Amino acid sequence: MFQFGNVLFRPMEKQDLELLHMWENDAELMMYSRSRPLTFLSMIQLEKRFEERLKEEKHLRFIIELVDTMKPIGIARLEQRDWDNVKTGHIGTYIGKKELWGRGIGRQITVALLEMAFTQLNMERCDAGSAEYNSRAYKTLIACGFKKSGTYRKIHYVNGRKWDHFYFDLLREEYLSVRMELLRLTLRDKLEQYLETIRISEG
């Protein structure tokens, strides 16, 4: 498990599928996380997908819990890819507890994924995407240092209209140049606690 501030990352287990079944069939949640509000998944489909993903050792998928309650609030993923021999992490997340939207938890989760990618997995870059209408998502990415690097034009058809898809990326050196400031803004009074957990003692 990986604790970062107020959130805890743990492996996704089979018993989590009942909760995922509820989240992945929520039209509003899927509109923002998948750009497909009419996504419907049965338990059988979720179980099959879960079993298939167990074989993907390079892809990390997490259940996110709040440390204070130890109850699941969402999911996150960090998919390891090699683009022309450059180690890349593709990140994604959603908060299933909609009452927690807009409280800065998404930024905390995103910075945690960047910490994993750049300080633990030795990746050279990270990328992520967002539908044009999901301003909350892409503002979070920008706040975490990502730069908009491309647009897939009119690729989503949602609620009777075509929308663009924005593509963002962040290089290792770019993240490291703003890392401490991001950690201070995100962790605040929990910064020293986090730094202590990752500090390797000398001698």
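Tell me yes or no: at least one residue of segment 14-30 is in contact with a Cys (Cβ under 8 Å, 6 or more places away or on another chain), over 22 Å from Arg136 (Cα atoms) and modelled with pLDDT of 90 or more. Even if it seems obvious, please write down each step before you answer.
Here is the first cut: in segment 14-30, the residues in contact with a Cys (Cβ under 8 Å, 6 or more places away or on another chain) are none.
Looking through segment 14-30, none of the residues is in contact with a Cys (Cβ under 8 Å, 6 or more places away or on another chain), over 22 Å from Arg136 (Cα atoms) and modelled with pLDDT of 90 or more.
Scanning segment 48-56 for any residue that is at pLDDT 90 or above and in contact with a Cys (Cβ under 8 Å, 6 or more places away or on another chain) turns up nothing.
In segment 151-203, of all residues being charged (D, E, K, R) and touching an Asp or Glu at 6+ places or on another chain (Cβ under 6 Å), the one that is farthest from Gln3 (Cα to Cα) corresponds to Arg153. In segment 1-48, of all residues being exposed (fewer than 12 other Cβ atoms within 10 Å of the Cβ) and polar (S, T, N, Q), the one that is nearest to Leu195 (Cα to Cα) corresponds to Gln15. Counting only helices (runs of 4 or more DSSP H) that fall entirely inside segment 105-203 and contain at least 1 residues that are in contact (Cβ under 8 Å) with a residue 24 or more places away in the chain and surrounded by fewer than 17 Cβ atoms within 10 Å (Cβ to Cβ), the qualifying elements are 135-143, 172-187, 191-198.
Yes/no matrix, rows are residues, columns are (1) in contact with a Gly (Cβ under 7 Å, 6 or more places away or on another chain); (2) aliphatic (A, V, I, L, M); (3) closer than 24 Å to Glu28 by Cβ:
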{"position": "Gly102", "(1), (2), (3)": "no, no, yes"}
{"position": "Gln120", "(1), (2), (3)": "no, no, no"}
{"position": "Tyr133", "(1), (2), (3)": "no, no, yes"}
{"position": "Asn159", "(1), (2), (3)": "no, no, yes"}
{"position": "Asp169", "(1), (2), (3)": "no, no, no"}
{"position": "Tyr175", "(1), (2), (3)": "yes, no, no"}
{"position": "Arg179", "(1), (2), (3)": "no, no, no"}
{"position": "Arg184", "(1), (2), (3)": "no, no, no"}
{"position": "Ile198", "(1), (2), (3)": "no, yes, no"}
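Taking the criterion of being in contact with a strand residue (DSSP E or B) (Cβ under 9 Å, 6 or more places away or on another chain), among the charged types (D, E, K, R) and part of a loop (DSSP other than H, G, I, E, B), the residues of segment 26-56 that qualify are Arg34, Arg36, Glu56. Right, Gly102: outside any loop (DSSP other than H, G, I, E, B), within 28 Å of Arg36 (Cβ to Cβ) and small (Gly, Ala, Ser) or not? Against the criterion (outside any loop (DSSP other than H, G, I, E, B), within 28 Å of Arg36 (Cβ to Cβ) and small (Gly, Ala, Ser)), Gly102 does not qualify. Residues in segment 103-124 that are of a type outside the set (Asp, Glu) and more than 15 Å from the chain's Cα centre (by Cα): Arg103, Thr119, Gln120, Leu121, Asn122, Met123. Of the residues making up segment 49-85, those that are over 20 Å from the mean Cα position of the chain (by Cα) and either surrounded by 12 or more Cβ atoms within 10 Å (Cβ to Cβ) or at positive phi (or both) are Asp84, Asn85. Taking segment 57-94 as the range and being in contact (Cβ under 8 Å) with a residue 12 or more places away in the chain and not in a strand (DSSP E or B) as the test, the residues that pass are Lys58, Val67, Asp68, Met70.
The values are calculated or read from the model by the stated rules, or taken from the named source; none is laboratory data. These figures come from a predicted structure and were not determined experimentally. Ideal geometry is used to build each Cβ from the backbone, glycine not excepted, and the neighbour counts take in all protein chains shown.
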